[in-house]
Amino acid sequence: MKRLVLLLTLVLAAVAAGSPASANAPAQHATEDVTGDEIVCGSTVYTVTSGVLAITTHEGASASGNTNFTVTIVPRDVVLEDANGNIFSIHGAEWIGGTENAQTGTFQFTDTDYFTIVSSGGGVVGTVRTTFHISPNGKVVDLDFGTCELPEEE
């Protein structure tokens, strides 16, 4: 939850700071090396030995001042290793998006994390299945049906 609140604050501040002209620019693409990160699945810790996250962000604004943003994060060639030296991969994506209504001052925000950790033989050994949503009326939905926890974002 702490990670989501921090991320929400940062993204909403970035969207609010942009002008309509800059906010409608093409999507931005970046990668982040995640070597050394750890994913915890119960008593098993998977350490990332190589790979990056591909990050795509886009911001938009209407003539009336309403804003929106999306962020998509996808692992690319991420290799995990457990304490016994077994090798795994991770597949899936995180999608983050939100809107702000300039006339009412309300916003909505959603963050979904859906990842699957797969053994070198092809079997699923762990999952991340979270959905966090804040509605314009302030209602919060926070669901977690996975067996693993992603690393905290710094």
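The values are calculated or read from the model by the stated rules, or taken from the named source; none is laboratory data. Not measured: the values here are computed from a predicted model. Keep in mind that these areas ignore ligands, DNA and RNA; they rest on the heavy atoms of the full protein, side chains included. Shrake-Rupley method; radii C 1.70, N 1.55, O 1.52, S 1.80 Å.
Structure summary
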| quantity | calculated |
| --- | --- |
| Whole-Hz couplings from phi, Karplus 6.51/-1.76/1.60, listed for the range 49-54; x for Gly and Pro | 9, 6, x, 9, 9, 8 |
| Of all accessible heavy-atom area on the range 16-106, the percent that carbon and sulfur account for (1.4 Å) | 54 |
